[in-house]
Amino acid sequence: DQLQAAASKIIAEKTHAEAGLVTSGACAALTLATAACICGYDVARMDRLPDTTNMPNEVIMPSHQISGYTHAIRAAGAKLIGVGIPHAPVAPLSVYITNKWHIESMITERTAAIAYAVRTGSHPPLEEVIEVGKKYNIPVIVDAAPEVPPVENLHRFIDMGADLVCISGGKGIRGPQNSGILCGRKDLIASAAVQMLEAPSEPYDEWNPPSSFIPKEKFRGTPTHGIGRSMKVSKESIIGLLTALQNLNTERFTAKEVMLTELLQKIRTQVEKIPGIAAAFVEPQYCLCSYPTLEIRVDEKITGISAAEICSKMRAKNIYLRDRYVNQGIVRIYSININEEIAEKICVALSETLNSARS
């Protein structure tokens, strides 16, 4: 708890939050955030999770944001309450939009939190969701796992008034792959921390946690091992994440962004020489962690090979392209993990794959 208490101060400084916690990834942060909202300082509730019978255990979330990642919320014993139209598109026509009144209408004495996943085009706007949370004194949990960089997103959602924010440490921050950040209200971070850390072995009178991090007087007894015990974080991960945080700055990312854009441009120039191929850069707000992304559109009638086949053949060469949009004839190249050597390999392999399909 001493190391996490020290980490909390650094995270708080970087995120503008009251406190912070290093977690074993953003999913763990989501589970701990949910557990904190359900239990608060109540060690008896903590001892019962994931059984939340007779506790406020409902977490409201726009239906179009519910995904496999939200298993992390339910893992704490929460019941997800979807609002709005399921599978509604982002930036939809007005008839599909989830409004803040949809969220308000589902708030009851059973509501523990409101959850929101940040992505371009989500609705209602996060500002309105936070407004609802403040109005009804319901904490808002923000899943911002892939939202850093830009660096300002470290504190953007806290500045907006979110109660808890979950951020991946292993994506754009470039910390350990199994690390994450939970930051926000001091009371909720304390609750999350004691549900993850080693349970005190001493009796309550002798328990002496760091008072700035875990206010002992708020707990009526010493906590036992909590729902987050399986999510414990190594000292190495804590130090690695903090080091990455300290090294993260706008100037450094901007310089890297320029370099990665140049590498992708070389690939673009090469593949656009091939008939049936058009390439363009994806707008930053739709890119993973804002890293430059190249989108390649494939006209199968001209190239003689589909986008799906391109991805398959590239995988056989141990090169993995983004295949989410292959049914639309689109292949994407994310730059988050490339360097000059890797970019050259991609360029050569992609050109060979496309040219061989035409021969």
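Miscellaneous remarks
- Neighbour-count order for F157, F219, fewest beta carbons within 10 angstrom listed first: F219, F157
- Subtracting the Cα-Cα distance of L80 and R110 from their residue separation scaled by 0.36 nm leaves 9.7 nm.
- Ellipticity at 222 nm from helices only: DSSP H runs of n ≥ 4 in the chain, each -39500 (n - 2.57), divided by the residue count, give -11500 deg cm²/dmol.
- Among beta bridges identified by DSSP and lying wholly in the chain, the antiparallel ones come to about 60 percent.
- Per-pair calculated FRET efficiency, R0 = 35 Å: D51 and N137 via Cβ, rounded to 0.05: 0.90
- Listed residues P150, P125, P275, most fluctuating in the chain (Gaussian network, C-alpha, under 10 Å): P275
- Cα shape, region 2-248, gyration tensor, a/c 1.5 rule: oblate
- Centroid-to-centroid, using Cα positions, region 162-214 and region 256-305 are 40 Å apart.
- Each residue of region 258-266 is assigned a 3J(HN,Hα), and the resulting list reads 4, 5, 5, 4, 5, 5, 5, 5, 4 Hz, derived from the Karplus form 6.51 cos²θ - 1.76 cosθ + 1.60 (θ = phi - 60°), x at Gly and Pro.
- Sites counted here are trypsin sites (Lys or Arg not before Pro) in a DSSP loop (not H, G, I, E or B) having no more than 12 other Cβ atoms within 10 Å; the longest part of the chain that contains none of them is 1-219.
- Placing R0 at 30 angstrom, the Cβ-Cβ distance between K273 and T120 gives a FRET efficiency of 0.40 after rounding to 0.05.
- Euclidean distance between Cα centres, region 32-82 to region 99-159, Å: 15
- Rounded to the nearest whole Hz, the Karplus-based 3J(HN,Hα) values (6.51 cos²θ - 1.76 cosθ + 1.60, θ = phi - 60°) of region 33-41 follow the sequence 4, 5, 4, 5, 5, 6, 9, x, 8, with x at glycine and proline.
- Helix 340-358 axis versus longest C-alpha principal axis of the chain: approximately 50°, rounded to the nearest ten.
- With the cut-off at under 18 Å, measuring from each backbone N in region 168-190 to a point 7 Å along the Cα-to-Cβ line of T243 picks out 169-181.
- For the chain, built as a Gaussian network whose Cα springs stay under 10 Å, the top-fluctuating residue of E104, E58, E217: E217
- Couplings for region 231-242, taken from phi via the Karplus curve 6.51 cos²θ - 1.76 cosθ + 1.60 with θ = phi - 60°, read 10, 4, 10, 6, 4, 5, 5, 4, 5, x, 5, 5 Hz in order; Gly and Pro are left as x.
- Region 282-337 shape via C-alpha gyration tensor axes, a/c threshold 1.5: oblate
- Most fluctuating residue given options A75, A343, A28, as computed from a GNM of the chain linking Cα atoms under 10 Å: A343
- Potential extension, W101-H16 segment - 0.36 nm per residue separation minus Cα distance: 27.7 nm
- Computed from label points 7 Å out along Cα-Cβ, the spacing between R324 and N339 is 2.7 nm.
- FRET efficiency for S312 and S211, using Cβ-Cβ distance with R0 set to 56 Å, rounded to 0.05: 0.45
- Here the simple spin-label model places points 7 Å from the Cα toward Cβ, and for R252 and E127 these points are separated by 3.2 nm.
Readers should treat all values here as calculations from the given coordinates under stated rules, not as data from a laboratory. A quick note: this is a predicted structure, and the numbers were derived from the prediction, not measured. Every residue, glycine among them, receives a Cβ derived from its backbone with ideal geometry; neighbour counts consider all protein chains shown.
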